[in-house]
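Written below as structure tokens is the structure these notes are about.
What follows draws every value from the coordinates through simple rules; no lab data is involved. The shown structure was predicted, so the numbers you read here are calculated from the model rather than taken from an experiment. A quick note on method: Cβ atoms are made from the backbone with ideal geometry, for glycine too, and the neighbour counts reach across all protein chains shown.
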Amino acid sequence: MPMVTYVLPDGSEHAIDVPCGQTVMDGSVRNNLPGIVAECGGSCSCATCHVYVDPDSQALFDEMTDEERELLEFADGAQADSRLSCQLVVTTECDGVRVTVSAANG
Ligand code: FES
């Protein structure tokens, strides 16, 4: 099962096995990690699942939809490497990926 490392705003790191087909958001919420709030439950409408993905790892995930891009435009703390973790579907290639959880998720 692919392992995703979540770097939380307090600097702690948590390595979680996330089943293929689930999202990076699912892996956090199902393991009760703080930081990813996911208010909308993954329907790409709240931006409280904001993470930063290393440039080298961006290609492991599907490209951003217009919906995701528009939400991120208005998200606090948005950067070039921002993504919404509910839109990041985990595949076997994602094993070892690291995401940094935004401190602005609420
Ligand atoms: S969980 Fe709401 S946008 Fe990702």
Within the set of pairs 6+ apart or on separate chains, which have a first residue in segment 89-106 that is farther than 16 Å from Gly11 by Cβ, a second that is surrounded by fewer than 16 Cβ atoms within 10 Å (Cβ to Cβ) and among the β-branched types (Val, Ile, Thr), and C-beta atoms under 9 Å apart? Gly96/Thr5; Val97/Thr5
Take the residues in segment 41-62 that are closer than 12 Å to Arg83 by Cβ, within 16 Å of the ligand (Cβ to nearest atom) and in a loop (DSSP other than H, G, I, E, B), then tell me which one is nearest to the chain's Cα centre (by Cα). Cys49
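Taking segment 63-106 as the region of interest, how many residues are part of a loop (DSSP other than H, G, I, E, B), more than 19 Å from Asp17 (Cα to Cα) and not aliphatic (A, V, I, L, M)?
First, the residues of segment 63-106 that are part of a loop (DSSP other than H, G, I, E, B): 63-65, 74-81, 88, 90-91, 95-96, 102, 106.
Adding the requirement that they be more than 19 Å from Asp17 (Cα to Cα) leaves 63-65, 74-81, 102, 106.
So of that shortlist, the ones also not aliphatic (A, V, I, L, M) come out as 63, 65, 74, 76-77, 79, 81, 102, 106.
Total meeting the criteria: 9.
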Any chance Ala78 is over 23 Å from Met1 (Cα atoms), touching a residue at least 12 places away in the same chain (Cβ under 8 Å) and not hydroxyl-bearing (Ser, Thr, Tyr): yes
Residue among Ser12, Ser28 that is free of Cβ contacts under 8 Å to residues at least 12 places away in the same chain and among the hydroxyl-bearing types (Ser, Thr, Tyr): Ser12
Note on segment 13-39: residues within 10 Å of the ligand (Cβ to nearest atom), surrounded by 15 or more Cβ atoms within 10 Å (Cβ to Cβ) and assigned to a loop (DSSP other than H, G, I, E, B) are Ile36, Val37, Ala38
Segment 43-77: number of residues that are touching a helix residue (DSSP H, G or I) at 6+ places or on another chain (Cβ under 9 Å) and surrounded by 15 or more Cβ atoms within 10 Å (Cβ to Cβ): 14
